[in-house]
Structures are given as C-alpha cells and as structure tokens.
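Here the structure is laid out as structure tokens; the discussion comes afterwards.
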Amino acid sequence: MSTTSRAVADWMRRRELTTVFCGPGASGVFPGDVRRILALQEAVAVAMAGGYASVTGRPALVDLCAETPGALGAVQGAAAGRTPLILTAGPRLRAMLTMDALFTAAPRRPPVKWSCEPRPQDVPDALEWAYHLALAPPRGPVCLALPGPDTIAADAVPPLRPMAAAAAPDPIALGLLAERLDRAHSPVLVVGADVDASGGWAAAVELAERCALPVWEAPPASRVSFPQSHPHYRGALLPDAEPAARQLAGHDLVVVAGAPPPPLPDGAEAVLLTCDPADAPFGHVICGDVRQALAALAELTKVREEPLPGAWPAPSPAPPGRRPMSPVTALAALAEGAPPETIWVSESPSIRPAFHDQIRIDRPGSFLCAADGGPGHGLPAAVGAQLGRPYRPVVAVIGDGSLHHAVTALWSAAAYRVPVTVVVLTDREHAMMRWFRHLDGPGLDVDVRAVAKGYGLAACHVESGRALTAAVRIATASDLPMLIEVPVSGP
C-alpha cells in the first residue's frame, strides 16, 4: 500500500508538475523531493503561483494552510484573471472558497470552479480531474481537501487522461459575423486578456490587417494582447463609460475578443468572441476558443483596401533634468535598459497610462498585472513568472504603496535565488489610495532599500534616467534578485 504523499508525488512527476507554492502552515501532503517555494503569507503564495501559471500556461500547485482564510482575496483575483491553479486546503478553507456569499450579495461564481474532498484511494483520480478542470475554458482555480500525508492509499496508479480543452466556436456563427464585417462601414476590434492567454496574437494581427481594423485594448487588461507598436494599435480604452464610448465613436460594428463588451457609442453594435458561456447575457456572443475564432474570421473575411487613420502616437518625450525624476522619465529609462524579451509585471496603478505610453509590449506573454486591480499581486506574480520562465528576464514595476501589500515576496525571491528585477517607484504618497479615498495622514516614509536588504536582496538607489538604465541592464543580466529604488514626483 502507498500513502497520500507518495500518490501525490507520483502524479506530479507523471504530469511534470514538480513545483508547488506553499503558504505557512501548509498541509505537508506534497513530498520534500519536489521544488517547494515557500511564501510567508498565503496570498503571496497564490499570487506567485498565478504568475507562474500565467507564463507557463499550465496549472500551478498551491498548498495552503488548513484553516487560515488569508488567501481568499488572492484566489478571487486568480479567478478574475482566469488563472489555472490547483489549490490544496483543509475542509474549512475549501468550504469558504465555494461560498460566493462571502464575497458579494449579488449572484456570481464562487472563486473556485470545482472542489472535492476525495477518499485516500481516489487522490490520483481527483488530482487528474482537477488538472483538466483548471485548464478547461474558462480557466480558473480548483480546490482539493486531501487526506493527511501519511494516510494509507491504494497502490493502483490510474492512467493520465489526454484532453483537448479548447472548444471550437460555431462555424456558422463565424461565417455570419464575417459577412457582417465585410458589410460594415467602419468596424473595429477590441482585444482583451484572453487573446494573449489563448495564444491568439498572430490571429488578431492577421484579422486586423486583412480587414483594416483599428485595434483597442479593453480596460482593465491583465495582459497585452496586440503588439503596441503595430500601426493598427490605438491604445487602451478608458475605464469610464462615456470616455470609452467617445473613443469608439464613428464605428458601427465592434468585435470584442476575449473581454467584456465596452460601452458603445450610439448606432454601434457589438459581437463578443469569448470562451466563457457566462458572457451570454451581454448580447450577441460566439462562445469558443478565442484564438480559433480570430483565425477563422481572418480566413473568412474579404481583404479591405482602406487606409487607416493616424497610428497610436510615439512615446511622449521624457522631461529632462528634474529631480526627483518624473514617472515618464523613469519609464523611458526602463524601456531603454531592459532587454527586448523582458516580461513586464506592473503594479503602479496611478501611472498605468504612462507605463504603456513608454514601454511598448510587442511580444506575446510579455505583460502581467492583476485582473481585478487588487493590491499585492504584482511583486509575488513577478517572482512566480521568473520561476516559470527562467530564460526570460522579468522586471516588476511596483509603486511603493503597492509594494507593502506583499512585501514578504522579497524573502521568497532571496531565499530561492530568483533573479527577478524589482523597480520600486517611490513617491512616499500611496498615490492611488489618496486619489480614491482622499486619505489624510503621514506619507509612506519607509526605507525601501533597507527593507529589501533585510530580506536578503541586493538593492540600490538611483536618481537619474541614465543611472536607472544602467542599473536595469545590470540587474536583468544578473542571476540574483535585485531591487532598484527610484524616487519620482509629479505626472
């Protein structure tokens, strides 16, 4: 007879899932000979796993504390970002993760797609089922309450089950949409995070070029889904209804791929391409794999020979010589210093437009941020992304207010020698919270470098764009984590 721990280990190796992210007081059901990445707080463990799953496209394993509910918000964020996670937790926490009443009075999905408390002999089957459900569209977290590590389980090892998770969209519906695109006076494409998550960059570019479509990014996008230096790219829609509708003014057909529908101007109609049947209440919906839908439309539509209006403007010039430097100057210096293959992770909400103005994302899988805007996601997600893609540099751009929501992720980065580059833009204001809530009181007068060094990271302080460019080049070439503190002020 085997034990639960041995059964879990056997399944992990056969699935080639040999990394597990652990919160403090984790169940211990995962064996010691797999890679265990410990976090000092449960939400940090979930966010690290989320970054890992986002860049690998495979479910990440998270072993949580049996009773503590500290990870609930992070799990809800993973659900909003459609991030495939396999959570193991105690029965009480599993029950909390399946109760949507804890999160909202309005009807909506619980944070996990599925949960189970299997018998010891059913553990491998439950893990295999969890693996497929986490990947099935729409992707998301699932949860298991596993027996103790030394519980006796059966020796039988069930076979791995191959499954093609992507569902093909209805070809008839796509044919009718292609005809509408051909007839439309001024169609436009709006892309969301599911385009990048489904591997749909090339298909989106092909459709936009074939049909002469201007392309907007849906707000708030947790990924970038279209090359931002492409002449068809127009930027991101604003998060408020009236300004977003004005940005789409003049278009009669809005094709929305992998995102909720934006506010529409008068006279416009929208068609949604989505992997999630829950989007059906939004009107005209074609449900299925987003990449397949875009690729089919590119084949079915006619070539539209029309000139496009002016492209998205070039990056704004950075104000020279000011100290502290402006955020625009800092971001321009980062764009100059980071390698082209960099994965960017952003959590500095007050300068998000400036980030995308200066740092143009032109490769798939190269940008991550929190889907629900929740604080504390960026830093641990960057650590997880670097673990998942060790051959690509990862640069996290974090505000000093956001940093302190998940600062213990610095310990994990140092403890496991994860060579992530953390750039902290310090204005000592917690600008976003003050903007939202008009908070009074003292600012964030915290020595960020001392905090980083206390956790075991190398840290430096730069005050000019030239110095920041040089520091980023050094950090992204290093095999150790590094924090760069950058004082900024003003817009």
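The values are calculated or read from the model by the stated rules, or taken from the named source; none is laboratory data. If you're wondering where the values come from, they're calculated on a predicted model, not measured in any experiment. For neighbour counting, all protein chains shown are included, and Cβ atoms are generated from backbone atoms with ideal geometry for every residue, glycine included. These accessible areas exclude ligands, DNA and RNA; they are computed on the full protein's heavy atoms, side chains included. Shrake-Rupley method; radii C 1.70, N 1.55, O 1.52, S 1.80 Å.
What's the center-to-center distance, using Cα atoms, between the stretch 18-91 and the stretch 120-192 in Å?
The stretch 18-91 and the stretch 120-192 have Cα centres separated by 19 Å.
Where both partners of a DSSP beta bridge lie in the chain, what percent of those bridges are antiparallel, to the nearest 5?
Restricted to the chain, the bridges split so that about 5 percent are antiparallel.
From the protein chains alone at 1.4 Å, what is the descending order of accessible area for C143, C116, largest first?
Heavy-atom accessible area, descending, gives C116, C143.
Give me the extension gain from E206 to H461: residue separation times 0.36 nm, minus the current Cα-Cα distance, reported in nm with one decimal.
Contour length minus Cα-Cα distance gives 87.4 nm.
Rounded to the nearest 0.05, what FRET efficiency do V446 and S489 give with R0 = 25 Å and r taken as the Cβ-Cβ distance? Could you check?
Approximately 0.95, to the nearest 0.05.
Can you compute the helix-only [θ] at 222 nm over the chain? Use -39500 (n - 2.57) per DSSP H run of at least 4 residues, normalise by all residues, nearest 500 deg cm²/dmol.
Working: 18 runs with 171 residues, N = 491.
Taking each H run of at least 4 residues, the total per residue is -10000 deg cm²/dmol.
Tell me, what are the semi-axes, in whole angstrom and largest first, of the equivalent ellipsoid of the stretch 248-387 as set by the roots of 5 times the Cα gyration tensor eigenvalues?
33, 21, 16
Just to verify a number: what accessible area does K302 come out at with the full protein assembly present, 1.4 Å probe, Å² rounded to tens?
About 140 Å², ignoring ligands and nucleic acids.
Could you work out the relative contact order of the stretch 274-366? I mean the mean sequence separation of Cα pairs under 8 Å and 6+ apart, divided by the number of residues, in percent.
After rounding, I find 22 percent.
What's the carbon and sulfur percent of the chain's accessible surface, probe 1.4 angstrom, rounded to a whole number?
About 56 percent, which is the carbon plus sulfur part of the accessible surface.
When Rg and Dmax of the Cα atoms in Å is calculated directly from the model, which label among (1) 23.0, 71; (2) 36.6, 143; (3) 24.8, 83 fits?
Recomputing Rg and Dmax of the Cα atoms in Å here picks out (1).
Let me have the relative contact order for the chain, percent, based on Cα pairs under 8 Å that are six or more residues apart. Let's see the in-between values first.
Values: 1124 pairs, mean separation 69.7, N = 491.
Result for the chain is 14 percent.
If packing is taken as the mean number of other Cβ atoms within 10 Å per residue, what is the order of 336-344, 77-85, 270-278, highest first?
Highest to lowest by the protection proxy: 77-85, 270-278, 336-344.
Skip the ligands, DNA and RNA, and give the accessible area per residue of the stretch 167-277 with a 1.4 Å probe, whole Å².
On a per-residue basis, 37 Å².
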